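Novice: First the structure, then my questions, so here it is.
The values are calculated or read from the model by the stated rules, or taken from the named source; none is laboratory data. A quick note: this is a predicted structure, and the numbers were derived from the prediction, not measured. Ideal geometry is used to build each Cβ from the backbone, glycine not excepted, and the neighbour counts take in all protein chains shown. For accessibility, only protein heavy atoms count, side chains too; no ligands or nucleic acids. Shrake-Rupley method; radii C 1.70, N 1.55, O 1.52, S 1.80 Å.
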There are 6 protein chains.
Amino acid sequence: MVAIKDLLSEHTVVRPDGRAVDEMRPIRITDSFTDVPEGSVLIACGNTRVMCTATFTQGVPRWRKDSGQGWVTAEYSMLPRATAERTDRESVRGKIGGRTHEISRLIGRCLRGVVNMKALGENQIQLDCDVLQADGGTRTASITGAYVAMVEALRWAEERRFIRSADKVIKDSVSAVSVGVINGTPMLDLPYIEDSQAMTDMNVAMTGSGEFIEIQGTAEHRPFTRDELNVLLDLATKGNKELQAAQRAVLNARS
Amino acid sequence: MVAIKDLLSEHTVVRPDGRAVDEMRPIRITDSFTDVPEGSVLIACGNTRVMCTATFTQGVPRWRKDSGQGWVTAEYSMLPRATAERTDRESVRGKIGGRTHEISRLIGRCLRGVVNMKALGENQIQLDCDVLQADGGTRTASITGAYVAMVEALRWAEERRFIRSADKVIKDSVSAVSVGVINGTPMLDLPYIEDSQAMTDMNVAMTGSGEFIEIQGTAEHRPFTRDELNVLLDLATKGNKELQAAQRAVLNARS
Amino acid sequence: MVAIKDLLSEHTVVRPDGRAVDEMRPIRITDSFTDVPEGSVLIACGNTRVMCTATFTQGVPRWRKDSGQGWVTAEYSMLPRATAERTDRESVRGKIGGRTHEISRLIGRCLRGVVNMKALGENQIQLDCDVLQADGGTRTASITGAYVAMVEALRWAEERRFIRSADKVIKDSVSAVSVGVINGTPMLDLPYIEDSQAMTDMNVAMTGSGEFIEIQGTAEHRPFTRDELNVLLDLATKGNKELQAAQRAVLNARS
Amino acid sequence: MVAIKDLLSEHTVVRPDGRAVDEMRPIRITDSFTDVPEGSVLIACGNTRVMCTATFTQGVPRWRKDSGQGWVTAEYSMLPRATAERTDRESVRGKIGGRTHEISRLIGRCLRGVVNMKALGENQIQLDCDVLQADGGTRTASITGAYVAMVEALRWAEERRFIRSADKVIKDSVSAVSVGVINGTPMLDLPYIEDSQAMTDMNVAMTGSGEFIEIQGTAEHRPFTRDELNVLLDLATKGNKELQAAQRAVLNARS
Amino acid sequence: MVAIKDLLSEHTVVRPDGRAVDEMRPIRITDSFTDVPEGSVLIACGNTRVMCTATFTQGVPRWRKDSGQGWVTAEYSMLPRATAERTDRESVRGKIGGRTHEISRLIGRCLRGVVNMKALGENQIQLDCDVLQADGGTRTASITGAYVAMVEALRWAEERRFIRSADKVIKDSVSAVSVGVINGTPMLDLPYIEDSQAMTDMNVAMTGSGEFIEIQGTAEHRPFTRDELNVLLDLATKGNKELQAAQRAVLNARS
Amino acid sequence: MVAIKDLLSEHTVVRPDGRAVDEMRPIRITDSFTDVPEGSVLIACGNTRVMCTATFTQGVPRWRKDSGQGWVTAEYSMLPRATAERTDRESVRGKIGGRTHEISRLIGRCLRGVVNMKALGENQIQLDCDVLQADGGTRTASITGAYVAMVEALRWAEERRFIRSADKVIKDSVSAVSVGVINGTPMLDLPYIEDSQAMTDMNVAMTGSGEFIEIQGTAEHRPFTRDELNVLLDLATKGNKELQAAQRAVLNARS
């Protein structure tokens, strides 16, 4: 396997924002961003800003009734002017686009991947990720932020004895980061300007213990090799560790 | 006409948040809240927080073409957890509810009421008001915040010479406030807890020169008299003056 | 306060249909217009014609169950050729427009404003206002006609002992009229040609005892002053009294 | 072929409204029912009442452009309280039901069947049939009434020289009537109470010269024989002749 | 009545595919086409190919509950490339078109016309007819194929004792065929090229015993006479007999 | 890296259908399955059967105009009885579900990944993948089959000189296969029964030259390690080679 160090030494790449190829953008996670939700987080990854709320509700959807197990679901959306050109609202168009569906499902799967549904009991957590400003990596920021909001909500539920223990519901932490190959160079944490030029683009969600929850790599513009894949996964591992440190920092400050 | 002072002396009312009946909640207007839109404002009226963006686009909708005049339109929406109970997304339900339609139209009319469409030329301004947290008065906060975002966007357009003069496009400022009768007492700027108990509820949009752009008073629970109406309008006049001072403060700091 | 007489003497205005500025168009209310509904009215205000039906149903929507109270709701719609240019059907477009939503909600609030929900018991009244021909004032004609249809339906329900007493359910009558300022002159009951030129346009719903249920004044084209507001309210008071006389005439003929 | 006389002599049937089996309900056609449309008709067949308007527009849909030919289309709808139980609006449900689609298409085909599209030129006629009260036969009444509204609209267009000659556009008149087999007896012009009991139900649209434009016979409850079909067609022929006499009466009074 | 032989002798017509005017296209019915459904059939009539599945479910829709009777319903759809030009999917457009609605309803009525709902008991059969390739007569092929799929499903249900006897549920067989008048000549079983030129077009569903379940004749381009109708019905009778022979062949091979 | 041989020797797993863990289900690709589309393929992978058509159209969507480049897009859908329980049609529900959106987008990306858009010129290929029977791996079968249909369509276009050379448009072949971890054992090509038990599930699209176009691995039930990932990718490489041999076989037979 090609070591990431070696690979990076070969490419002395200047990124638009001056970062090294294996360097994350600044991460800020603000907890209790709004007052009302059981969990509410504003996450900023560079210029990307996502508001993530977690709604804890007793009871589960009908198909899950009497299973003794809970459910976690997610919805993702962009405000119209999160983007440089205004995007029409999906509510106005009367239907949800494919991209929104795809990302909402991804977030839901990632969060469910670290939840013990039995320990959650017949309760539901709904995660809402609304992008206030988009500069690449909105889906990965959503996953990273939604995790913190979900823990907030579970602590809220533990305090009110709706669940026994938030710690038992959470099997592990989860975060996600984007990586990609730009002009032949693998890079970590792509802003929009890089993302739109990427030959290969990959979103990697990992647990705190370093295992994978979700890998989505796509190569519309140039296929990628097994070696490139390995470098990208190394970069993603590095990035997710830093994201998880930021998650821990904000969660420990409160607990 | 009953003087507002007299009316208030009769009622020594204790409001849940300790305010006097003719006292506004704290107002904070943050301009340039996000980086990308031509105008972007976060307005907080008490616990109500609305993100207002203004999108300036050259050109107008088809029906307005070759008129030599511009157009201003608005869309209002609530994030799912702006409210104590999560509200389903209208995009997911596949249609916009009546309340959203009603409020979007109200905001649009109020802003158009202070715009000189000829001076704007064949350009369009789209106002997006997204409620991050709702505690009463979201539609009036939207109007007040959207005005600031619109001025930001017009200044942006003036700098780029898309319009000759932002000042000529803006005929006057506009703000809005809610008033209502609660247990027989007229009050200014109702938070949710008061709004839900109001017998009469009125939203009043006024210009900087003290004239009316929109009055919407409704009395589902008890009709109101001409005298009550007059007191409510006095209260609204007071509130709007304070909102307009806050608008000027943020706009003058930048100009 | 400026007396309406004085104001009118200043302006010797010729209206397109020869009316004085404080004169209503001819009003005709036909009760029992169709055979099947519990209440069915055709109201004509000038050339505006609206068919208003009231449907009485035992039981209330789910959210109202076990409250001991009833519910009143309304839907407004225009037939495609109510207007000079054919309007596409909202059923064909697959969604209800903002204007329709706004007006349906207005009618519902006005009618609920005169109903004692406890006396109605757990029963529902649905008002359907379908505009056969539109020449201004369709929403106010709908309110005025829907009131008569609602009383018809309540009498029907009283006869069948679904309610104890129609009179106890009805707290007061309600009617509505439009007023506006055209070329600086306040006027009563605007047909389409005047409505489309109005600087200020106001719809005023009042009870039989002269109190306000709803005031909606809008000034897209020129703000209005407190004095103008007062004249408009005087005109609306005069107009509503005449509408209520017409309501009484048709209802007394039957009772 | 079994003669209709013979068949009827065998059955001395008493219909709920006292009619003979081959007797139509009273027909009333009111032309110029509303003022604005190019053609506007209220047709009453017994208690069934349908408002039919015809909209004449210069130009044709895109797919028909530069063909030198016109187009005729129709939309059918029921007001919510046309029926004994209130029917939810299709605009509120957000989609058009199968029955509405089926009937709208039927009306369109029948009217196109008597129009010379070349003589119409690149102009469009839109027929709107809105059922104010439904007591069986709403689709056939719609066809019969729409024909009169269409002629009105063509005469209007001829006067304004949008078309050369209304008479050349109209190849023949068209009307429609329902027939059915109830308890083994073929009958003409079924009201709702009979229609709901019919084993076989057939709608027959015919030209003034006695040819068929559309036959729709359905036998959900009991198949029908060739002999029964022949009797039903005889009844339909008789009924259509009477409807066409009523059409001529109203059209000749005006021409 | 004009004999079909005589009529045909007058016209020595060459059809594009060399058939005689009263000759059917080749019919192939493949049963058990897919493994999972209770009934699954691929029917080919010439180049038209339709996959018909029958789903047997215990229980009936809510409005049918406690009636002791079953229900049969059908849905028709075309795959996008069933046609020469790709047709947009109705799921993507977000609504079902009028043609699809009309045909789905037709298929449902025809199949219900031969089912004894009491013998079916409170069970439901859903027929899905998906057109893989369209060359005229897709709706009639759907009816003919759906009948075979329905019998398969009923036999499946009888084996599992969900119903007593498939034979008692089926009152008679049903098939359907199209006929039409092309350049004045009545013809049997129209492929697309003929269908698009037809002056008159008729779909006729008949039972095994030769009675009619549904007749839908339409004459957008030239009305048809009683004599033409009679010839068309003779042709349809001949065609349906051949279709029913094919149905019996496939069903007897399995029973 | 753990060799696949070693890994398999550790697990002597019996799969429900008797296959070895690295063994594919039987593959059958039928080309020219229907007559009308430019490309039409029926692909069967075990019991999974998907009809893939390719529509070649001159011209591109508006946003792609004057780019000199083509476009490739895909839509995926399941027939109602592809599944053991009938699935409601998305056209009837009026909206496309998230899963359908997600898969349609995946197929489109994979096919675009092997197309030279410049060589395609301003032409569009629309791929329609309709699942006739679903037994796991419908999305990967769709990709594999759609590739063959696309080549068919490009050859068709080359013959008619709409494009210069099909070979130049196709940069490489593409196929896809599912792999997953079941009870700790990595396996190739999962049927439904295995897919529903998988802890980790991965779809891998690869080019003929062995590079990756898309990797989608998800671990809702148990995260996966880097070692497991490597074994899964080895299995996928083996499977894709076999699929590509089947693709070549059918394409060479025709060329």
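Novice: Look at region D:48-88 and say how many of its residues are closer than 19 Å to D:Ser142 by Cα and among the charged types (D, E, K, R).
Specialist: The total comes to 3.
Novice: All but one of (1) charged (D, E, K, R); (2) touching a residue at least 40 places away in the same chain (Cβ under 8 Å); (3) open to solvent by 10 Å² or more (accessible area, probe 1.4 Å) hold for D:Glu214; state the number of the condition that does not hold.
Specialist: (3)
Novice: Return the only residue of C:Met199, C:Met206 being under 20 Å from C:Met24 (Cβ atoms) and touching a Phe, Trp or Tyr at 6+ places or on another chain (Cβ under 9 Å).
Specialist: Being under 20 Å from C:Met24 (Cβ atoms) and touching a Phe, Trp or Tyr at 6+ places or on another chain (Cβ under 9 Å) holds for just one of C:Met199, C:Met206, which is C:Met206.
Novice: Looking at A:Glu194, A:Glu220, which is the one that is of a type in the set (D, E, K, R) and either under 24 Å from F:Ser175 (Cα atoms) or at pLDDT 95 or above (or both)?
Specialist: A:Glu220
Novice: Can I ask one more? Have a look at D:Ser165, D:Ser142, D:Ser173, D:Ser178 and point out the one that is in contact with a strand residue (DSSP E or B) (Cβ under 6 Å, 6 or more places away or on another chain) and more than 11 Å from D:Cys52 (Cβ to Cβ).
Specialist: D:Ser178
Novice: Which of the residues spanning region A:98-121 are open to solvent by 20 Å² or more (accessible area, probe 1.4 Å) and part of a loop (DSSP other than H, G, I, E, B)?
Specialist: A:Asn116
Novice: Looking only at region A:52-83, filter to residues that are more than 12 Å from chain B (Cβ to nearest Cβ), touching a Leu at 6+ places or on another chain (Cβ under 8 Å) and part of a loop (DSSP other than H, G, I, E, B); which one of those is nearest to A:Ala146 (Cα to Cα)?
Specialist: Among those that are more than 12 Å from chain B (Cβ to nearest Cβ), touching a Leu at 6+ places or on another chain (Cβ under 8 Å) and part of a loop (DSSP other than H, G, I, E, B), it is A:Gly70.
Novice: If you check F:Leu229 against the conditions, is it without any contact (Cβ under 8 Å) to a residue 40 or more places away in the chain and open to solvent by less than 10 Å² (accessible area, probe 1.4 Å)?
Specialist: Criteria met by F:Leu229.
Novice: Being surrounded by fewer than 24 Cβ atoms within 10 Å (Cβ to Cβ) and assigned to a loop (DSSP other than H, G, I, E, B) is the filter; apply it to region A:36-46 and report the residue that is farthest from the other protein chains (Cβ to nearest Cβ).
Specialist: A:Gly46
Novice: On to the next question. Can you confirm whether F:Gly137 is within 30 Å of F:Arg89 (Cβ to Cβ) and either open to solvent by less than 30 Å² (accessible area, probe 1.4 Å) or more than 14 Å from every other protein chain (Cβ to nearest Cβ) (or both)?
Specialist: So F:Gly137 fits the description; yes.
Novice: Would you mind finding the one in F:Val131, F:Val148, F:Val181, F:Val174 that is open to solvent by less than 10 Å² (accessible area, probe 1.4 Å) and without any contact (Cβ under 8 Å) to a residue 60 or more places away in the chain?
Specialist: F:Val181
Novice: Go through (1) within 25 Å of A:Glu220 (Cβ to Cβ); (2) crowded, with 24+ Cβ neighbours inside 10 Å one by one and return the number of the condition F:Asp234 breaks.
Specialist: If we test F:Asp234 against (1) within 25 Å of A:Glu220 (Cβ to Cβ); (2) crowded, with 24+ Cβ neighbours inside 10 Å, just (2) comes out false.
Novice: Scan (1) open to solvent by 10 Å² or more (accessible area, probe 1.4 Å); (2) farther than 29 Å from B:Gly94 by Cβ; (3) more than 14 Å from chain B (Cβ to nearest Cβ) for the single condition A:Leu154 breaks and write down its number.
Specialist: Looking at each condition in turn, A:Leu154 falls short on (1).
Novice: When only residues in region B:85-120 that are under 30 Å from A:Gln124 (Cα atoms) and acidic (Asp, Glu) count, which is nearest to the other protein chains (Cβ to nearest Cβ)?
Specialist: B:Glu90
Novice: If I filter region E:52-83 down to residues being open to solvent by 10 Å² or more (accessible area, probe 1.4 Å) and of a type in the set (Lys, Arg), which single residue comes out as nearest to E:Met117 (Cα to Cα)?
Specialist: Of everything passing the filter in region E:52-83, E:Arg64 is nearest to E:Met117 (Cα to Cα).
Novice: Same structure, new question: Kindly check whether there is at least one residue in region D:14-32 that is open to solvent by 10 Å² or more (accessible area, probe 1.4 Å), without any contact (Cβ under 8 Å) to a residue 40 or more places away in the chain and facing chain C (nearest Cβ under 10 Å).
Specialist: Scanning region D:14-32, I find no residue that is open to solvent by 10 Å² or more (accessible area, probe 1.4 Å), without any contact (Cβ under 8 Å) to a residue 40 or more places away in the chain and facing chain C (nearest Cβ under 10 Å), so the answer is no.
Novice: Among the candidates A:Leu235, A:Leu243, A:Leu251, single out the residue that is among the aliphatic types (A, V, I, L, M) and either within 14 Å of chain F (Cβ to nearest Cβ) or part of a loop (DSSP other than H, G, I, E, B) (or both).
Specialist: A:Leu235
Novice: Kindly provide the set of residues from region D:184-208 that are open to solvent by 10 Å² or more (accessible area, probe 1.4 Å) and closer than 17 Å to E:Gly217 by Cβ, ordered by number.
Specialist: Of everything in region D:184-208, those that are open to solvent by 10 Å² or more (accessible area, probe 1.4 Å) and closer than 17 Å to E:Gly217 by Cβ turn out to be D:Asp201, D:Asn203.
Novice: Can you find a residue that is part of a loop (DSSP other than H, G, I, E, B), of a type in the set (Gly, Ala, Ser) and within 14 Å of chain B (Cβ to nearest Cβ) anywhere in region C:168-178?
Specialist: yes
Novice: Would you mind telling me which numbered condition in (1) modelled with pLDDT under 95; (2) on the phi < 0 side of the Ramachandran plot F:Ser32 fails?
Specialist: It fails just one condition, (2).
Novice: Just checking, which of E:Arg49, E:Arg86 is outside any loop (DSSP other than H, G, I, E, B), open to solvent by 20 Å² or more (accessible area, probe 1.4 Å) and basic (Lys, Arg)?
Specialist: Testing whether each residue is outside any loop (DSSP other than H, G, I, E, B), open to solvent by 20 Å² or more (accessible area, probe 1.4 Å) and basic (Lys, Arg) leaves just E:Arg49.
Novice: Using the structure shown, decide if C:Leu42 is closer than 28 Å to C:Leu188 by Cβ, modelled with pLDDT under 95 and not acidic (Asp, Glu).
Specialist: no
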